[in-house]
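Just below is one structure, and these are the notes that go with it.
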Amino acid sequence: MSALPAPSSLPAQPRGLARPVLRVDPAAIAANVRRAGAVSGAAVMAVVKADGFGAGAVPAARAALAAGATWLGTATLDEAVALRRAGLAAPLLAWVLPVDAAWDAALRLRIDVAIASVAHLRAVAEAAARASLRARVHLHVDTGMARDGAAPADRPALVAAAAEAERLGLVEVVGVMGHLARADEPADPANAAGVAAFRTALDEVAAAGLRPAVRHLAATEAALRLPAAAFDLVRIGAGLVGIGPGLRPALTLAAPVVLTRRVPAGTPVGYGHTARTAAETVLATLPVGYADGVPRRLDAGAAVQLGGRRCPVVGRVSMDQLVVDAGPQGADVADTALVFGPGDAGEPTAADWARWAGTIEHDVVTGIGRRVERAEVGR
Ligand SMILES: *Cc1c(COP(=O)(O)O)cnc(C)c1O
């Protein structure tokens, strides 16, 4: 066995990334918060569910609050608890709650809860009585989605029960919320119908003697496109990372080239040999795969940016790796590929990946796996 040469006698090797990284741009998040606030004229709730749409819930929340957001929102109570544990003290609402949710944690940590049924209201009121605390609730009404708010037929009983629980000092009705199914199609009549349903619910709430401080219906698309849906507060989730009209993408997925090889025409590539090279070329392997959120089902056309060029994905995406065609000019180990980003350097965007995968940008960014390091840029 021959000894390795001393490191000093090895040729100098340019340094690249040690691992794939999702770069998070807090300035972009801040700009998106300011835009949503300016366009809607409403206060902004930063919705940092699903780990802040891939950006990291805590850094996304901090960037949004620094830019003027005054509320935080999450889907689950566990997500909200994690924000409190990280020291975030802003008003905070969670809305995907089983009837046996950890209401006591919500009470102790002053986490607001969205309540959509009498059963849920009873459960949180009982927890409040046990803890001698008052629960902060938002009545969640269905405004045309048949998903997570109280159905119109169930609303009067919910409003009456909430008024009674507030009179008993067990809950404080802080807000009323709805959600729109088709805000990305602003001319669709479902939007006006949703706004009207929300107004009807607000009238019922007022008639029951409740005076909620925040009425909120709009998420990102409605905040940017439907002035009639703005009310007091807009819930901005996808918009934080730049998904939505006129916003700035905040996420860039970069990966180092792990290995390159020059191959002749006709070389089969990857599992199943589903692709063969058309001509002599250089293939480059990247250390990201479907376990890292790169969609496995892709149209022809899927590509990364490498060496200033679009380099197509060749063959199947593996769990941990994918292969791109770097062309006859080639690529070097330690070169950095941009999988997606804002598009400033000609790289694909999350919207491109969504199109290639037959899905939406939200699915692409929330799919980025835990193995991918998150790093804030500009700090
Ligand atoms: C996810 C979610 C939001 C945020 O929606 P975006 O379109 O991502 O801004 C707002 N409200 C509810 C009820 C949600 O589930």
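The values are calculated or read from the model by the stated rules, or taken from the named source; none is laboratory data. Quick caveat: nothing in here was measured; it's all calculated off a predicted structure. Because the Cβ atoms are built from the backbone with ideal geometry, glycine has one as well, and the counts that use them run over all protein chains shown.
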Being under 18 Å from Arg355 (Cβ atoms), touching a residue at least 60 places away in the same chain (Cβ under 8 Å) and away from the ligand (no atom under 11 Å from the Cβ) is the filter here; which residues of the range 237-251 pass it?
Gly242, Pro249, Leu251
Among the numbered criteria (1) part of a helix (DSSP H, G or I); (2) over 21 Å from Ala254 (Cβ atoms); (3) aliphatic (A, V, I, L, M), which one does Val44 miss?
(1)
Looking at the range 30-51, which of its residues are more than 19 Å from His216 (Cβ to Cβ) and either at pLDDT below 95 or within 12 Å of the chain's Cα centre (by Cα) (or both)?
Ala50, Asp51
Considering only the range 191-228, state which residues are closer than 16 Å to Gly175 by Cα and within 12 Å of the ligand (Cβ to nearest atom).
His216, Leu217, Ala218, Ala219
Looking across the range 48-74 at residues that are outside any helix (DSSP H, G or I) and within 13 Å of the ligand (Cβ to nearest atom), the single one that is farthest from Thr252 (Cα to Cα) is Trp71
Have a look at Ala64, Ala90, Ala69 and point out the one that is in contact with a helix residue (DSSP H, G or I) (Cβ under 9 Å, 6 or more places away or on another chain), more than 17 Å from Ala218 (Cβ to Cβ) and not assigned by TED's automatic domain parsing to the domain that holds Asp292.
Ala90
Quick check, is Asp344 of a type in the set (D, E, K, R) and touching a residue at least 40 places away in the same chain (Cβ under 8 Å)?
no
Test: residue in the range 93-108 that is surrounded by fewer than 18 Cβ atoms within 10 Å (Cβ to Cβ), within 16 Å of the ligand (Cβ to nearest atom) and outside any helix (DSSP H, G or I):
yes
Positions within the range 75-92 being within 12 Å of the ligand (Cβ to nearest atom) and not β-branched (Val, Ile, Thr), in sequence order
Ala75, Glu79
Neighbours by Cβ (under 7 Å, 6+ apart or cross-chain): first from the range 347-366, on the phi < 0 side of the Ramachandran plot; second basic (Lys, Arg) and part of a loop (DSSP other than H, G, I, E, B):
Ala357/Arg297
Take the conditions touching a strand residue (DSSP E or B) at 6+ places or on another chain (Cβ under 7 Å) and not in a strand (DSSP E or B) and apply them to Gly343. Does it pass?
no
I'd like the full set of residues that are more than 16 Å from the ligand (Cβ to nearest atom), in contact with a helix residue (DSSP H, G or I) (Cβ under 7 Å, 6 or more places away or on another chain) and part of a helix (DSSP H, G or I), limited to the range 3-29.
Pro26
